[in-house]
Every structure is written in C-alpha cells, then in structure tokens.
1. Could you list, in sequence order, all residues of the stretch 76-130 that are closer than 21 Å to Glu66 by Cβ and hydroxyl-bearing (Ser, Thr, Tyr)?
2. Given Lys97, Lys89, which one is closer than 27 Å to Leu158 by Cα, exposed (fewer than 10 other Cβ atoms within 10 Å of the Cβ), modelled with pLDDT of 85 or more and touching a strand residue (DSSP E or B) at 6+ places or on another chain (Cβ under 9 Å)?
3. All but one of (1) at pLDDT 95 or above; (2) away from the ligand (no atom under 14 Å from the Cβ) hold for Arg156, so report the exception by its number.
4. Out of the residues in the stretch 101-121 that are of a type in the set (Phe, Trp, Tyr) and either under 19 Å from Phe184 (Cβ atoms) or not assigned by TED's automatic domain parsing to the domain that holds Gly74 (or both), which is surrounded by the most Cβ atoms within 10 Å (Cβ to Cβ)?
5. Please work out which one of (1) within 9 Å of the ligand (Cβ to nearest atom); (2) in contact (Cβ under 8 Å) with a residue 24 or more places away in the chain; (3) over 14 Å from Ile145 (Cα atoms) is the condition Phe177 fails and give its number.
6. Can you tell me which residues in the stretch 73-91 are assigned to a loop (DSSP other than H, G, I, E, B) and within 14 Å of Leu172 (Cα to Cα)?
7. So if I check each of Ile166, Ile145, Ile122, which one is in a loop (DSSP other than H, G, I, E, B) and hydrophobic (A, V, I, L, M, F, W, C)?
8. Pull up the stretch 180-191, narrow it to residues that are in contact (Cβ under 8 Å) with a residue 60 or more places away in the chain and charged (D, E, K, R), then point me to the one that is nearest to the ligand (Cβ to nearest atom).
Amino acid sequence: MKILKKDIGKIIIVVLVVIICLIPFRKKIIRKMKAIFGYYKNSSGFQSAECINCPNLFNDLVADHEKAYSNKQGIEPQEDFNKLDNLLKDSILLELKTNNYYTIRESESSRPYILPRGFDFIQELSKLYMCNCSKDSIPYVPFEITSTTRTLESVRKLMRKNKNAIKTSAHLKGKTFDISYRAFRENKKQCKNFIQALDSLHNMKKCYVKFEKNGCLHITVD
Ligand SMILES: [Zn+2]
C-alpha cells in the first residue's frame, strides 16, 4: 500500500513535469486536438467512413440547387409555421410522416411538409433503395429525414446557431430536405445501398445533392 502511494506520488510529479514542459507548445497542441476531435465532431470523418465517396458524388452548390427553383417552381418563403400550416391545409404542401420506409426527425426549425414533386421523389428513392437492399439480401433500414421546409422566422433563429442556414435557404421553398446518413449508424451496407439509390436519381438529373459536413445530405428535387 505504501509502495502504491509512493508510485502515485511519482506519477503525479512526472505528469506535472510533462505538463510544464508542454506549456510553451500549448497553442500548437490545442490546434492539433481541435483538428482531430473536430474531424469526428463535425462528423466528416465518421461520415466518410460510412459514405466514402459522398464529397465527390454530391457536390451541387447553392447555385445548382437554385436551378430547381427557376421558373418559380416552389413556394414563396413563409414567415412562420402558421403560414406553412395554411399551405398544408390548402394541399399545396403534403406532410411527410414516419412510416416503414423513412423516419421523420422532430425538428424545431422545420415542418415535414413538401411539394408533391418532392413527396413523389422520396417515395421513388425509398423504392430504389429497397430494391438495392433486396438484391444484396439485407434487411431494409428506414432512412432519416432530419429537416424539410423552414420559415423566415425559423431560419432567423437557426442562423444564430448554424452558419449554413443562409437567409436564402432552399429549405424555404418547399422541395428541399436533408437526410442524415449518420443515422444509419452500424448499418453500413444499408447506408451504401441508400447512397447508390440516391446517386442513381442524381445521375438521372432528378435532384441536386450537397454533401454537408454536419452529417447531412442536402437534397433539392428538380
Ligand atoms: Zn439542407
């Protein structure tokens, strides 16, 4: 017991000496630590592990997504959720609900409402992904939609926290949504099959997709 206490004392002294020696290099160390942990925190590292090609496959920029809204194909940005609810009541927007094919994540900043074109696209994506799973003889795992249509008010609130939530957000216009592939978690084969399905539709020019470092795929239906 005495030896143990002695050893602990020595360990503490060694640790203190190491800390003191490292003080001049603290800024460099902090930068390195931030780079390493940030890599996982912003999930790009984690994402890349599950979606290695995403940054290459899906790099449509804001201007590309805008093309989907040329010719006024979209709703006017709405001030708040009450206004958005009115568009749902008028059947201009359709509500996405969790089902066997996808789940809707609760979101304070958006409502799971989308234009019929976007609604149809999501059904097509589900079917294609399901076909891929069948071909690979793996069970289907629902994908997760994390954000759909926002309002001017919700974007203003979001902008305080999230720099990506730009004022001219495509999410204001009714056929843009985000899917988290991190939500596939350990289901890597399903994630791969989902990405393949999305890539097929992307190659068919049915959508614009942007890989985002926050863990989402930002999708606008054309
Ligand atoms: Zn988005």
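The values are calculated or read from the model by the stated rules, or taken from the named source; none is laboratory data. Quick caveat, the model's predicted, so the values are computed rather than measured. Don't worry about glycine lacking a Cβ; one is built from the backbone with ideal geometry, like all the others, and counts go over all protein chains shown.
1. Ser109, Ser110, Tyr113
2. Values: Lys89 fails: touching a strand residue (DSSP E or B) at 6+ places or on another chain (Cβ under 9 Å).
Only one candidate passes the filter, namely Lys97.
3. It fails just one condition, (1).
4. Here is the first cut: in the stretch 101-121, the ones of a type in the set (Phe, Trp, Tyr) are 101-102, 113, 119, 121.
With either under 19 Å from Phe184 (Cβ atoms) or not assigned by TED's automatic domain parsing to the domain that holds Gly74 (or both) added as a condition, the list becomes 101-102.
Numbers: Tyr101: 15, Tyr102: 18.
The residue in question is Tyr102.
5. That leaves (3) as the condition not met.
6. Keep residues of the stretch 73-91 that are assigned to a loop (DSSP other than H, G, I, E, B), which gives 73-80, 90-91.
Once the filter is applied, which keeps residues that are assigned to a loop (DSSP other than H, G, I, E, B) and within 14 Å of Leu172 (Cα to Cα), the stretch 73-91 yields Gln73, Gly74, Ile75, Glu76, Pro77, Gln78, Glu79, Asp80.
7. From the options Ile166, Ile145, Ile122, the qualifying one is Ile166.
8. So the residue we want is Arg182.
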